[in-house]
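Asker: There's a structure below that I have some questions on.
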Amino acid sequence: MTPWSDYVVTGLLLLSGVVVLAAGLGLWRLPDFFTRMHAPALASTLAAWIVTLASIVHFSARAGELSLHVWLIIIILSITAPVTTIVLARAALFRRRRAGDALPPPLAKNQDAGQPGR
């Protein structure tokens with residue numbers, strides 16, 4: 001392995017840590033569940049992509065050729081993370097509905113209903 005690849009991998013892993021820290025701050029600062037779940041869902045996927053890129057650089061530099069075996073992990077994660085977020089949101093809405101709490105207002109029936117001047 002060359003020293004430049006170690007520096008690139010280190011930089012990417014540190015960047016991933018900063019992204020996850022930002023997601024943690026979002027969890028801490030945002031007011032309710034629905035806004036809180038947005039920050040880590042996006043940030044964890046971005047951080048996973050950065051770690052995947054770091055892994056590709058590491059294994060490619062180690063083998064001396066392009067190594068893409070890590071792509072399978074990130075593809076599966078990119079498919080399952082948004083689905084998990086949707087399931088969590090629906091479960092939270094269901095619990096709120098069962099508890100009798102106020103729900104967010106429904107979306108407009110058509111695109112033109114929410115736009116003034118049409």
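Asker: Could you derive backbone 3J(HN,Hα) for segment 36-45 from the dihedral phi with the Karplus parameters 6.51, -1.76 and 1.60 (θ = phi - 60°), listing whole Hz in sequence and x where the residue is Gly or Pro?
Answerer: Per residue, the Karplus-derived 3J(HN,Hα) values read 5, 6, 6, 4, x, 5, 6, 5, 5, 5 Hz.
Asker: Tally up the carbon and sulfur contribution to the accessible surface of the chain as a whole percent, 1.4 Å probe, everything protein left in place.
Answerer: Values: 6140 of 8910 Å².
Taking all protein chains in place, the chain shows 69 percent carbon and sulfur surface.
Asker: Now, a different point. Would you mind getting the accessible area per residue of segment 4-99, heavy atoms of the protein chains only, 1.4 Å probe, in Å²?
Answerer: Values: 6680 Å² over 96 residues.
Here the per-residue accessible area is 70 Å².
Asker: Once fully extended, how much extra length lies between ARG98 and ILE75, figured as 0.36 nm per residue of separation less the alpha-carbon to alpha-carbon distance?
Answerer: Numbers: separation 23, 0.36 × 23 = 8.28 nm, distance 3.54 nm.
So the chain would gain 4.7 nm between ARG98 and ILE75.
Asker: Beta carbons within 10 angstrom, averaged per residue: use that to sort the peptides 22-31, 62-71, highest first. Working shown, then result.
Answerer: Working: 22-31: 13.3, 62-71: 11.1.
Order by mean packing, descending: 22-31, 62-71.
Asker: Here are a few candidate values for Cα Rg over 2.2 N^0.38 Å: [x] 1.49; [y] 0.95; [z] 1.40. Which one was actually calculated from the structure I just gave you?
Answerer: [x]
The values are calculated or read from the model by the stated rules, or taken from the named source; none is laboratory data. The shown structure was predicted, so the numbers you read here are calculated from the model rather than taken from an experiment. Here Cβ is always computed from backbone atoms with ideal geometry, including for glycine, and neighbour counts include all displayed protein chains. Keep in mind that these areas ignore ligands, DNA and RNA; they rest on the heavy atoms of the full protein, side chains included. Shrake-Rupley method; radii C 1.70, N 1.55, O 1.52, S 1.80 Å.
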